[in-house]
Amino acid sequence: MSIRNKVTLIGRTGKDVETFQFENGQKATVSLATSEYYTNSQGEKVETTEWHNLVAYGKIAEIMQKYGEKGKEIAIEGKITYRSYDDKDGQKRYLTEIKVDEILLLGGK
């Protein structure tokens, strides 16, 4: 049996999509907010929001660039990826991203 790294998220973009052009294609990045609601023990409605870093390449990046303005509701499917880099001060930084394989545009702002 094989276990696959697969993520499905529905949320709203937190900013306009940023795109980068490379020799072999295009890359797009954006943050996605997902929220859930529950009622606490005092009967108050509480909202919790998680932020996810999305990255897409090729045709998916083109779609995100064209339709992914801030506040747009989208559904994505992809996989969790991890990477690290050294910042300008030489400190190692770690990033968790969702590499988008599929996108569905759900509605307006």
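The values are calculated or read from the model by the stated rules, or taken from the named source; none is laboratory data. Only a predicted model underlies this, so the values are computations on that prediction, with no experimental measurement involved. Note that we place each Cβ from the backbone using ideal geometry, even for glycine, and neighbour counts take in every protein chain shown. Keep in mind that these areas ignore ligands, DNA and RNA; they rest on the heavy atoms of the full protein, side chains included. Shrake-Rupley method; radii C 1.70, N 1.55, O 1.52, S 1.80 Å.
Tabulated data for the structure shown
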{"read-out": "Percent carbon-and-sulfur accessible area, the chain, ignoring ligands, DNA and RNA, probe 1.4 Å", "value": "47 percent"}
{"read-out": "The chain, dipole about Cα centre (Lys/Arg Cβ +1, Asp/Glu Cβ -1), debye to the nearest 20", "value": "160 debye"}
{"read-out": "Pairwise FRET efficiency - A75 versus F22, Cβ, R0 = 35 Å, nearest 0.05", "value": "0.85"}
{"read-out": "Between 0 and 90°, nearest 10: helix 58-67 axis offset from the chain longest Cα axis", "value": "50 degrees"}
{"read-out": "Estimated vicinal HN-Hα couplings, Hz - segment 36-45 in sequence order (Karplus 6.51, -1.76, 1.60; Gly, Pro = x)", "value": "9, 10, 8, 9, 7, 5, 8, x, 8, 7"}
{"read-out": "Candidate aspartates and glutamates for bridging to K79, where Cα separation is under 15 Å - those fewer than 8 sequence places away on the same chain excluded", "value": "E97, D101, E102"}
{"read-out": "Over the chain: helical MRE at 222 nm, DSSP H runs n ≥ 4 each giving -39500 (n - 2.57), nearest 500", "value": "-2500 deg cm²/dmol"}
{"read-out": "Unsatisfied cross-links (Cα-Cα over 23 Å) in the set K27/K70; K45/K99; K66/K92", "value": "K45/K99; K66/K92"}
